[in-house]
Amino acid sequence: MNDPLLENGFGDNSHLVLQLKNGDPEAINQVVDRYGKPLFAFILRMVEDYQAAEDIFQETWVRVIRNIGSFRGESRFSTWLFQIALNLSRNMMRQMSRRSFVALDEAAELSEDPDVDADKVILAQKIKKLVASLPVKMREVIVLRYYHDKTDFEIAEITGLPQGTVKSRLHRATQMLRGKIEGTELAVPGAEVE
């Protein structure tokens, strides 16, 4: 007998999701191993505060464990996971906007690879700051698309927005970044920003 839930959003994670629903601690470890790094990177890019990102990361997993029974497989597990993290990140950003924005420790950005060109690291930091300067609604879609390779459809599922809105926000956010880049030393004379 085919379980329709397993044919939908569970995807290749069906066994892990079922084990999670049964409270299997090994399944929790496997899911954290599989999604931990990209999830934390997403949260960190959204809130731009390492301590806040750690708190959101932990709370995301608490909510996953607490609410796994409500996951019906209508979307992919990773989409559901990122939705939880996005909602918690939005709440944190609202709280942070009431006080001064805390910058990330630049040392945390340095690559573990000693052969990485320092200019590339500096360029990446400048681009990161430009992305961080975008309004939250624009930053969400840019981070999901360009840092996490999500499709318009996946971004729509994660954010709860219509796909058309996702496309227009991506376009507007790209235009905003283009304008910000043109006003900095990142601009290359005679080059089009894509």
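Before moving on, here are some points about what is shown:
- Put simply, the amide H of Lys150, placed in the peptide plane, has neighbours under 5 Å in Arg145, leaving out anything fewer than 5 places away on its chain.
- Sequence-ordered 3J(HN,Hα) estimates for the range 48-56 from the Karplus curve with 6.51, -1.76 and 1.60 and θ = phi - 60° stand at 6, 9, 4, 5, 4, 5, 4, 4, 5 Hz, glycine and proline given as x.
- For the range 72-78, 3J(HN,Hα) computed residue by residue from phi via the Karplus equation (6.51, -1.76, 1.60; θ = phi - 60°) reads 9, x, 6, 9, 5, 4, 4 Hz, glycine and proline entered as x.
- A protection proxy built from the mean count of other Cβ atoms within 10 Å ranks the segments 47-53, 171-177, most packed first, as 47-53, 171-177.
The numbers here are math on the coordinates, done by the rules we state, and not lab data. None of the values given here were measured: they were computed from a predicted structure. Please note: Cβ atoms are built from the backbone with ideal geometry, for glycine as well, and neighbour counts cover all protein chains shown.
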